[in-house]
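The values are calculated or read from the model by the stated rules, or taken from the named source; none is laboratory data. On a predicted model such as this, the values are computed, not experimentally measured, just so you know. Positions of Cβ are generated from backbone atoms using ideal geometry, with glycine treated the same way; all protein chains shown enter the neighbour counts. Note: accessible area is taken over every heavy atom of the protein model, side chains too, but ligands, DNA and RNA are not part of it. Shrake-Rupley method; radii C 1.70, N 1.55, O 1.52, S 1.80 Å.
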Amino acid sequence: MHRKQLLALVAMAVFLMLLAACAQQAGTPQVVRETVVVTQEIEKVVTQVVEVTKEVERVVEVTPVAGRCAPTDPDEVDKILIGATGPLSAPGSVVGGLVMQWSLNIAVKHINEAGGVLGKPVDLIFYDTEGLPERGTAVAERLITQDCVVGIVGEYHSAVGLTMMEVAHKYRVPVVFAETWNDKITGSQYDEIFRIAPTSSMVAEADANYIQDLGAEFVVIVAENSDYGVPASEATKERLAQRGIDSEIFLAEIGTQDWSPIIARIQALDRTPDVVLTLVTGEASYNFEQQAAEAGLMPTEETVCIANQVAINSEEFWQNVPDGNYCVFRKVGLVPALANDVTRKFEAEYRQQFNRFPESYALEAYDSLLIMADAINRAGSLDPDAIIDALEETDMIGAQGRYYFPYGRKNPVPPDEPEWMWHQWPDPAVLFLQYFEKGQSADEAAVVWPEKYQTHGTFLIPYGTTP
Amino acid sequence: MELEVRDVHLHFGGIRALNGVSFSVRGPELIGLIGPNGAGKTTLTNVISGVYKPSQGAVYLNGERISGLPPYQIARRGVGRTFQVTRAFRRMTVLENMLVPAMALHPAGRRQEFVDRAHEILRFLTMDHLALEYARSLSGGQQKLLELGRLLMLDPDLIILDEPFAGVHPKLRETIWEFITTVHQQGKAFIIISHDMETIFTLSQRLLVLNFGQLIADGPPEQVKDDPAVIEAYLGKEE
Amino acid sequence: MKRVDWRWVLTGGALVLALSAPLLLSGYPYWLHVAIVAYFYAILASSWSLLAGYAGQFSFAHMAFMAIGAYGSGLMGKYWGTTPLTGIVLSTLLAGLVGLVIGVLCLRLKGAYLALFTIAFSEVLRLTLNAELDITGGPNGLDLAPLLNTTSRVPYYYLMLALLLASLGFMYWLAGSRFGLFFRSIREDEEAAAAMGVHIVRYKVAAFVITAMIAGLAGGVEAHYIGLITPNILILGQMSIVIAMAVIGGIESLIGAAIGAILIQFSLELLRELGNWRLVAFGLLLMLTLRFARNGLIYPLIERLVLYQARRAVIEGREQKAKQVGEGA
Amino acid sequence: MVEINLSFLLRLLADGLLIGFIYALMAMGLTLIFSVLRVVSFAHGEHYMIGGFAAYYLLETFTGLHPLVAILLAGSVTFAIGAVFERIFLRPLAEEKVERPGEYAILVTFGLGFFLQYLTLALIGPHPKKAARYFDLPAFELGPIKATAATLKLGTIPLSATRLTAAVIAVVLMLIMLYLIHHTWLGRGLRAVSQDKQAAAVVGINPLRMSTLAFGMGTMLAGMSGAALVPAFAWVPAVGAPAAVKSYVIIVLGGMGSIPGAMLGGLIIGVVEALGTGLLPDPNRAFAYRDAYGMLIFALVLLLRPRGLFGRQE
């Protein structure tokens, strides 16, 4: 008897809940809007009665979703909370997330040493996104509705950035993305979204230009089957084709260890590639580069090795790719010649703490927080609109140079520019460097492209020679 | 009830486990199946109950060929068996153990009727007070009784018992003995495998003797007792 | 004197708490989200415990069935333009169909062989979803249309809670019926069950089909709620989390597994700051639970709190019966 | 277009065999564990991973340590982990105190793998590590055979020095294991327990001790495979899972518990993977499905011949 009663009870509860779910669904938009007004009113009545009407008007006009809990008045808080994300566990790129977290902590230290933001100390809340898009949604939600952050910075994976930006847009929270390359992120033209990393298109353009300057006719692109590798390899292939250069793409899973069958296939092609471009990150890129070197695929006199940008971490590179001498690698962000005081200060601190070379995403993460702090200072308020306005007017020197966002609400993207130029820093430099001596550090590597920054007067130090 | 085993052979790779066994059971007979170790007794049981499919030959139940049918079908057609090692469903209660065959046999039956019947049988086996215990907490002998109880719930016409007396307390042996004779009187046929010569010779009405996969004797106990082939099988050929 | 029946009090209390959670958490949409995901894992863990704990089929393909539900619905929406609801219904059936095939293939496999086979199935599915990026979107994942036309979490919360209760109710009914009886008899001793007339093939396959459909249904709803599904959900680590939830909750208890899943999901979220150390602790907890608390950590509590009276009644009944027997003799 | 000619085929074959020896060594450990304990260790990949890291850190810390010594020490580390784990978590299994031994063993070793992987990640972080090449090849040129420090080139077939070293180490270790198992007291004990526990106990072998030894030796072999390969692949805490899955495929193919089966199975899987990846027309699909070839064989073996090539009838 008991069992049946229990089952009946459960069945009734289920039915009622489904009913509730459906009923909720129909009436939702109005309900939400009202809730916002009410909560805002109550908050404001307690603090500042005069503000009420103005506040309510704004809310009705923009209709963000209820739940955002960051205060808008800096006097209410004793510290400025800023959220940050990055991958700290698999399947995310753990190295990327870790480095970003370190760099952001240095940024917090530097900002607070310089007096904080609006006279208050900055506090950073960093969450692991695991490289999973659904985590991006959850974590952004938590930062915005739980921890009450006024802005978000960082993130490494584009797939995560793409879901995070929807949440930020929903709640109207400004975001400065540090290292997500997907065009669509600024291409969304959301008010809240800013980016200081290059877009995939910008990087592909640079790759194609460099390869063209090398005079290559046939290129093999080895890419990881991921949100980074697939679009990047396709964009590069397309741009190479525009320049009359043939290319073939080889895809592999993230984290691949044994590349010998793919290397055998590349070497069995009827043409020897002039360039092998590695669009694979992490340990898999090292595995590929070393195994390709051992098999005599690249670097050789005939074939230029373009290693992945992670090669910039020279210590790790030489440990993992001992035979990778003469490999070229892309460096995004900062032209060494243009290093400024901010760069040097950050780099010194970073090297001292972690005994590592700061990768581009370290600088980017550091700068993303500086930019956010700078904008809040200039806005003089924690109101998202004020911060977004201030971000659009950014003009400051960070570790990677002068930051500004040419296009935004006041100055829309002109039709002849790609739409991803919205809130996009246009100047991330893309350089190519080349190791020419075993064990060389990234600082000692030759800059081979673009021409104006060349340190050795050539696009390529030929294999086996010393400049 | 009529069971006919017709020229059954069974090979495992090169080993001939059964080699042309034929016999039949007509009506509620009480049959003992004996033979030295490795003679093929358990294998024969497994063939009848459908665990193995004979390589050659067939088994018929009431004129219908049952060899080749899956074990559960044979069980539902009225052949019940126990195993050499007790195989109660250890992490189910005694009552649940009893319900399994009943519910498998009568998909549309009412649970309460089965529960009543199970209690009745458990009373008969003097273990009704254990109905809600887990089978694993029973003693070895009680588990054996439980297996017999399960068989009654299945209500088969032919019951095959594999070593029912092995390693059993003398008092329990009596209970099992009584169970067999009572159930036999109710009109069920039995095939009992046992190493216990004294018991099996007293208990059964007819004896089957297997040796090296062949049936070497089939008849009343007193006749089999003096069969030279049987004596030779047990004592070995004197050179 | 009539005792307070703790079973009703606790069940009622839990239901009231679950029903009023959106009100309690109205200022915390993030925790509402965590609750939705926790219910999703609770459905997976409890249906896995039906398959593994009740029917004894230690399959590692449960997340694969979930993914079939999710990807099935997403792909049908993408290529045939089905609505999410139709997609979920059809992909639930699809998961059941695949469950049928896997169930039939796994009939003869036991223990480690079954585990290895299902791991292989799940890995091949993951590789395929990754490799066929033109169809599935590969590692970028597949976008899914929202199931409900709303920006609020509350309807989703009730939907997932309803799904959890419905599936728990259904599984309890099943476990109490002949299905449960036969599942357990097969788990205990397949051959003996067959000798008792149990159609083992039918019930083994049924266990796979039913649990695959529950997992597929949960996967479909969850994917439409999140709006995106990636093949990463199929990595072995994800499956091990579901298993750990069921084991820590109590692998032979549906409600234990569900409560275990909810508690673990919340604690993993609460301890997020600890990074990987929380997973280290989680792995250790899993091993220790297996070694020293075979019934899990949650189920014994439930048993103690909720089943206390039931057992009491049983003991009293038994004493009475013993007395009768004594008098009879 | 890929031209399929003899030298390409030979190259695939050579690649496959080379990696196959290492697969075989790892699978040998797994099959040894299975033969004595009747347990498939789902933490095998993590022992492999830890073996690699142990060798790496030993060589980093003690400069001048001979690589072979480092491999032996790394093997002892994983032996210790395995033996302690067996003692605490699998002993009740050997004593037959566990209700459903098969399932318990699956879950508890699975838990161990989960634990070890995240523990390593939490302790040493995600940055890839790699040991320096253990042995440089002497440079020489002899007709079509050419050697540099990193590569031995047989005509058009390049063989990596690190892999060659690992394969040689694997072969030597396998020979030592075979000798141990067939010609020593220890091996007789292990074989006796694997065939009949009770009978072994009667003749004075302690089956419990043999279980601990077998598990320890199995994890030791995994650890040594890792230590042998750490100069060949960039090493991260997640490195074990794919390798472990290959071992499962191999022992099922070779027959669970069969040592020659594991050796042959390793070579077959190595070659099948290399040929599959090399010969399938669409290179990207060919490579993406690389792990699936082994899996396919695995599924077929399980369904058609569950006891594998050399397995015993259960």
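Quick notes
- For region A:286-303, a residue qualifies if it is part of a helix (DSSP H, G or I), closer than 21 Å to residue A:437 by Cβ and either open to solvent by less than 10 Å² (accessible area, probe 1.4 Å) or in contact with a helix residue (DSSP H, G or I) (Cβ under 6 Å, 6 or more places away or on another chain) (or both), and the qualifying residues are A:286, A:289, A:290, A:292.
- Within region D:77-123, being without any contact (Cβ under 8 Å) to a residue 24 or more places away in the chain, more than 23 Å from residue C:245 (Cβ to Cβ) and within 21 Å of the chain's Cα centre (by Cα) holds for one residue alone: D:84.
- Qualifying helices (runs of 4 or more DSSP H) (wholly inside region A:127-229; at least 3 residues being more than 26 Å from residue A:334 (Cα to Cα)): A:133-145, A:158-171
- Meets criteria (surrounded by fewer than 22 Cβ atoms within 10 Å (Cβ to Cβ), within 14 Å of chain C (Cβ to nearest Cβ), in a helix (DSSP H, G or I) and of a type in the set (Ser, Thr, Tyr)) for residue D:248: no
- Screening D:59, D:32 for residues that are closer than 24 Å to residue D:270 by Cα and in contact (Cβ under 8 Å) with a residue 40 or more places away in the chain leaves exactly one candidate, D:32.
Yes/no matrix, rows are residues, columns are (1) at negative phi; (2) without any contact (Cβ under 8 Å) to a residue 12 or more places away in the chain; (3) open to solvent by 10 Å² or more (accessible area, probe 1.4 Å):
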{"site": "A:113", "(1), (2), (3)": "yes, yes, yes"}
{"site": "A:130", "(1), (2), (3)": "no, no, yes"}
{"site": "A:140", "(1), (2), (3)": "yes, no, no"}
{"site": "A:147", "(1), (2), (3)": "yes, no, yes"}
{"site": "A:156", "(1), (2), (3)": "yes, no, yes"}
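- Residues located in region D:38-50, provided they are touching a Ser or Thr at 6+ places or on another chain (Cβ under 8 Å), within 13 Å of chain C (Cβ to nearest Cβ) and over 15 Å from residue D:84 (Cβ atoms): D:39, D:40, D:42, D:44, D:45
- For region D:182-216, a residue qualifies if it is open to solvent by less than 10 Å² (accessible area, probe 1.4 Å) and touching a Gly at 6+ places or on another chain (Cβ under 9 Å), and the qualifying residues are D:200, D:210, D:215, D:216.
- Residue that is surrounded by the fewest Cβ atoms within 10 Å (Cβ to Cβ), among those in region D:271-314 that are part of a loop (DSSP other than H, G, I, E, B), more than 8 Å from chain C (Cβ to nearest Cβ) and in contact (Cβ under 8 Å) with a residue 12 or more places away in the chain: D:312
- Any hit, region C:306-326, residues being open to solvent by less than 80 Å² (accessible area, probe 1.4 Å), modelled with pLDDT of 70 or more and touching a Phe, Trp or Tyr at 6+ places or on another chain (Cβ under 7 Å): no
- Region A:266-287, residues that are among the hydrophobic types (A, V, I, L, M, F, W, C) and at the interface with another protein chain (Cβ under 10 Å from one of its Cβ atoms): A:266, A:268, A:269, A:284
- A Cβ distance below 6 Å, combined with a sequence gap of six or more or placement on separate chains, defines the contacts here; from region C:9-28, residues that are open to solvent by 60 Å² or more (accessible area, probe 1.4 Å) reach residues that are aliphatic (A, V, I, L, M) in the pairs C:10/C:306.
- Just one residue in the set B:72, B:60 is open to solvent by less than 50 Å² (accessible area, probe 1.4 Å), assigned to a strand (DSSP E or B) and hydroxyl-bearing (Ser, Thr, Tyr); that residue is B:60.
- Condition check for residue B:140: among the small types (Gly, Ala, Ser) and touching a Pro at 6+ places or on another chain (Cβ under 7 Å): no
- Single residue of region D:104-151 satisfying the filter (charged (D, E, K, R) and closer than 21 Å to residue D:47 by Cα) that is least open to solvent (accessible area, probe 1.4 Å): D:130
- Per-region count, region A:70-98, residues surrounded by 24 or more Cβ atoms within 10 Å (Cβ to Cβ) and in contact with a Lys or Arg (Cβ under 8 Å, 6 or more places away or on another chain): 1
Conditions (1) farther than 27 Å from residue C:232 by Cα; (2) acidic (Asp, Glu), marked per residue:
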position	(1), (2)
A:197	no, no
A:204	no, no
A:210	yes, no
A:231	no, no
A:234	no, yes
A:241	yes, no
A:256	no, no
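- Matching helices (runs of 4 or more DSSP H) fully within region C:110-210 where at least 3 residues are out of contact with any His (no Cβ under 7 Å at 6 or more places or on another chain) and open to solvent by 20 Å² or more (accessible area, probe 1.4 Å): C:111-131, C:133-136, C:154-176, C:178-188
- Flag: residue A:324 does not match the condition of being open to solvent by 10 Å² or more (accessible area, probe 1.4 Å) and either small (Gly, Ala, Ser) or not assigned by TED's automatic domain parsing to the domain that holds residue A:94 (or both).
- Within region C:97-109, residues that are without any contact (Cβ under 8 Å) to a residue 40 or more places away in the chain reach partners that are surrounded by 16 or more Cβ atoms within 10 Å (Cβ to Cβ) and of a type outside the set (D, E, K, R) with beta carbons closer than 7 Å, at six or more positions or on different chains, in the pairs C:108/D:306; C:109/C:117; C:109/D:302.
- Residue check, residue C:68 modelled with pLDDT of 95 or more and either part of a helix (DSSP H, G or I) or open to solvent by less than 10 Å² (accessible area, probe 1.4 Å) (or both): yes
Yes/no matrix, rows are residues, columns are (1) touching a strand residue (DSSP E or B) at 6+ places or on another chain (Cβ under 9 Å); (2) in contact (Cβ under 8 Å) with a residue 60 or more places away in the chain; (3) assigned to a loop (DSSP other than H, G, I, E, B):
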{"residue": "A:411", "(1), (2), (3)": "no, no, yes"}
{"residue": "A:414", "(1), (2), (3)": "yes, no, yes"}
{"residue": "A:436", "(1), (2), (3)": "yes, yes, yes"}
{"residue": "A:444", "(1), (2), (3)": "no, no, yes"}
{"residue": "A:452", "(1), (2), (3)": "no, no, no"}
{"residue": "A:457", "(1), (2), (3)": "no, no, yes"}
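- Looking across A:441, A:381, one residue alone is over 24 Å from the mean Cα position of the chain (by Cα), of a type in the set (S, T, N, Q) and closer than 30 Å to residue A:148 by Cβ. It is A:381.
- Number of residues in region D:52-99 that are buried (at least 18 other Cβ atoms within 10 Å of the Cβ) and farther than 22 Å from residue D:225 by Cβ: the value is 4.
- Which listed residue, of C:178, C:187, C:126, is within 14 Å of chain D (Cβ to nearest Cβ) and within 19 Å of residue C:203 (Cα to Cα): C:187
- Remark: pairs (first residue in region A:314-329, facing chain D (nearest Cβ under 10 Å); second residue of a type in the set (S, T, N, Q) and assigned to a strand (DSSP E or B); Cβ separation under 9 Å; 6+ apart in sequence or on different chains) = A:323/D:151.
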